[in-house]
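Here the structure is laid out as structure tokens; the discussion comes afterwards.
The values are calculated or read from the model by the stated rules, or taken from the named source; none is laboratory data. Computed from a predicted structure; not experimentally measured. Reconstructed Cβ throughout: ideal geometry from the backbone, glycine too, with neighbour counts over all protein chains shown. The area values use the complete protein model at the heavy-atom level, side chains included, leaving out ligands, DNA and RNA. Shrake-Rupley method; radii C 1.70, N 1.55, O 1.52, S 1.80 Å.
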Amino acid sequence: MKYQKPKGTADILPQEAQLWDEVEAKSREVFRRYRYGEIRVPLFESYDLYARSSGDTSDIVTKEMYDFNDKGGRHMALRPEGTAGVVRAYVENKLYGPEFPKPYRVYYMGPMFRYERPQSGRQREFHQIGVEAFGSDSPLLDAETIQLGVDLLHSVGVHDLRLAINTLGDPETRQAYHQALVDYFTPHKAELSEDSQIRLAKNPLRILDSKDPQDKPLVADAPSILDYLTPAAQAHFSVVKESLDKLGIAYVVDPTMVRGLDYYNHTIFEIMTTSPAFGNKELTVLAGGRYDGLVEQVGGPALPGVGFGLGTERLMLLVQHNRPAEEAAPLNVYIASLSEPAGAEALVLAHAIREAGYTVDMDFLNRKAKSQFKTANRENAQLVITLGEDELAHSAASIKQMATGQQIQVPFAEVTTEFHKIYQQLVEEGK
Ligand code: HAM
């Protein structure tokens, strides 16, 4: 093969795209009920926006960004995630103004890019369905956001879920915890991986997220952030937990969870599932949290935010696994044309019938009559219209109902204006 798709990307072919459409339509319906509106932001932005919001010690920024200098010498990057661009749009369009609702809720669907090592459920170009809600620091909104994520997964038939939550507290909590981590890790610095030694100096919290086996034993015994929460941070987290209890959403508190992006504070969460679709491994399908300082950091007012991102490919693996392949939708009409002038007439009829809302296909390969009928059968056609010399001479089409073999002659004029009636009479009443 001369050309192959880039490593870590995938072609979504029509038979799969149909299922993507369905999942996206169901998601939109859930978002509508929660009053989320769609936002579409650029696929690339200034490198700086992502670097500063994700954090310059995160793997996303240090290892995974698809960045480039454009022809004008600007340092740009393909978006590694949705939140930064949406926050930028929220600030730039002043969506915090008095004319807009609060919380201001948006959702997005689209491709994201991370230079990661590809494996099942992990790609370099992948898709997210995500939400962001701005302007409320209520822990009730954290709970609502988690409920929305659960509803979304349930709406597409994914039920076997494990929700893990944690809190990163407020800036004061973070400061105290930062010091506790420095005090704990510094005497063991030499035992840490090279990356984590750098993290210790720049952002010790990141060590907890290390995937390096060398760091694991030390991380396991690290102090817990839950012991460093300020009363306010503790109160926020308590309301989140109580709300989840009230909603009947099961969860576990995982004090070692830190998430891979630097903008979070207070509540963070991940929804995981173990499925044969993932080779019986546990994978995170949906993850998010609160990011109260980010809007201000991007140049806006000090307004809080909370949201999540769902990995669409991972969701599709689950959805596909959960249900058998569906039969293709039937073709309403196949037009078999037996001569060149009949072909031109077929084009006109096909257009009229499509205008009436039906699916139509016809021959474009000069196939013999027999082979056209075979195609009609393979396409599961409900009606076959035959146009031969006779039909052209009488300006009438022969319409055959494939299920019963019943055949009628209908003037062209009637086919173009009355197709709905003809279809009802032949197909629907015949059922
Ligand atoms: P994230 O945890 O980096 O968060 O990504 C969210 C989800 O995207 C993951 O749980 C996973 O399902 C999917 N995902 C991430 N990387 C890949 C990949 N390489 N291949 C396939 N799927 C992947 C965020 O991106 C935050 N922006 C979420 C958020 C929104 N937080 C607040 N608002």
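Normalising by the residue count of segment 333-428, find the relative contact order in percent from Cα pairs under 8 Å and 6+ residues apart.
30 percent
In percent, how large is the relative contact order of the chain, given Cα pairs closer than 8 Å and 6 or more residues apart?
14 percent
At R0 = 25 Å, how high is the FRET efficiency between Glu418 and Lys374 if r is their beta carbon distance? Nearest 0.05 is fine.
According to the calculation, E is roughly 0.30.
Tell me the per residue accessible area of segment 363-409 using a 1.4 Å probe; a whole number in Å² is fine.
64 Å²
For segment 1-52, which trypsin sites (Lys or Arg not before Pro) are in a loop by DSSP, counting at most 15 other Cβ atoms within 10 Å? All intermediate terms of the calculation are to be shown ahead of the outcome.
On the way: sites: Lys2, Lys7, Lys26, Arg28, Arg32, Arg33, Arg35, Arg40, Arg52; in loops: Lys2, Lys7, Arg35, Arg40.
Filter output for segment 1-52: Lys2, Lys7, Arg35, Arg40.
How about segment 278-364: which GluC sites (Glu not before Pro) there are in a DSSP loop, with at most 11 other Cβ atoms within 10 Å of their Cβ? The partial results should precede the final answer.
Numbers: sites: Glu282, Glu296, Glu313, Glu326, Glu327, Glu345, Glu355; in loops: Glu326, Glu327.
Counting only loop positions with at most 11 other Cβ atoms within 10 Å, the GluC sites (Glu not before Pro) in segment 278-364 are Glu326, Glu327.
May I ask you to derive the FRET efficiency for His351 and Tyr96 from their Cβ-Cβ distance with R0 = 41 Å, giving the value to the nearest 0.05?
Between His351 and Tyr96 the formula returns 0.25.
Past the 31 Å Cα-Cα mark, which pairs from Lys26/Lys216; Lys63/Lys216; Lys5/Lys202; Lys5/Lys26?
Over 31 Å Cα-Cα: Lys26/Lys216; Lys5/Lys202.
Helix 83-92 sits at what angle to the longest principal axis of the chain, using alpha carbons and giving 0 to 90 degrees rounded to 10?
Its long axis makes an angle of about 90 degrees.
State, as an integer percentage, the relative contact order of segment 171-229 based on alpha-carbon contacts under 8 Å between residues 6 or more apart.
41 percent
Once neighbouring chains are kept in place and the probe is 1.4 Å, which whole percent of the accessible area of segment 333-428 is contributed by carbon and sulfur?
50 percent
Counting other C-beta atoms within 10 Å, and keeping those with at most 16, which DSSP coil trypsin sites (Lys or Arg not before Pro) do you find in segment 108-216?
Lys211
Between Ala10 and Ala250, what is the FRET efficiency for a Förster distance of 41 Å, r being their Cβ-Cβ separation, to the nearest 0.05?
0.80
Between 0 and 90 degrees, rounded to the nearest ten: what's the tilt of helix 139-155 against the longest Cα principal axis of the chain?
In the chain, helix 139-155 runs at an angle near 30 degrees to the longest axis.
Once you mark the chymotrypsin sites (Phe, Trp or Tyr not before Pro) that are in a DSSP loop and have at most 12 other Cβ atoms within 10 Å, what is the longest gap between them in the chain?
Longest site-free region, per DSSP loop and neighbour criteria: 4-363.
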